[in-house]
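Visitor: Next up is a structure, given as structure tokens.
Coordinate-derived values only; no laboratory data. None of the values given here were measured: they were computed from a predicted structure. In this analysis, Cβ positions are derived from the backbone assuming ideal geometry, glycine residues included, and neighbour counts consider all displayed protein chains.
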Amino acid sequence: MALTQRWVSRAKRRMSTSRFLRHLPNALTVLRMLLVPLLALRVLQHDYTAALCITFIAAVSDGLDGLLARHFGWQSRLGGILDPLADKLMLVVSFVVLTIVGAIPLWLTLLFVGRDLVIVAGAVSYHYWVGPFDASPSMLSKVTTVFQLLLVLLMLVRLSELWLAPDSLTLVLIGATALLCVASGLHYVARWGGQARRTFQQRRQQRNAAP
């Protein structure tokens, strides 16, 4: 009897630990979100080395929470919402504060933010007028995010004077990021616009076919 009770107690502790660990990816995502204001403060105070370290920690936590979620099957609906939100928050704030200190041109930040506003407005309109849709990012959008992150990292490295990257590299990365922002934004508009058009055509055909 005592042996059975000990086995049950151990099983309960394992289950409790397992439930706790399931939330580890989400906890890392929340940590990444909490680092955003600290990153902004470090940049605005011209402590670029600290800002670079914070960005590195955020990038590591981003990769780690995704790895844990996929490897152990700890994906959750909340994590699916928080993870891209944390990534977007980090990038938007980074672009804004780096624009304030003169590292990233204002027009590029406006293009970046404007693209995201168009995507959000399109998603809301599609959901309201058409219905549910696949919100997973396209490959082009993922590449755009990578270039945006590379630009942030390059600017922080230059500002911290760890490596004085040539101006030509900076200009190329700025130009590539701008082109990808436009291309990915247009891709979303074309994809969702095409899906909406096909959905409306199907609905019209169903109404016409109805007795």
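Visitor: What does the charge count around MET90 come to, taking other residues whose C-beta lies under 9 Å from its C-beta (Lys +1, Arg +1, Asp -1, Glu -1)? Numbers along the way, then the final one.
Guide: Details: positive: ARG32, LYS88; negative: ASP62, ASP87.
Once positives and negatives cancel, what remains is 0.
Visitor: Determine ³J(HN,Hα), in whole Hz, for all residues of the stretch 176-182 in sequence, where each value follows from phi through the Karplus function 6.51 cos²θ - 1.76 cosθ + 1.60 and θ = phi - 60°; x replaces Gly and Pro.
Guide: Once rounded to whole Hz, the list reads 5, 5, 5, 4, 5, 4, 5.
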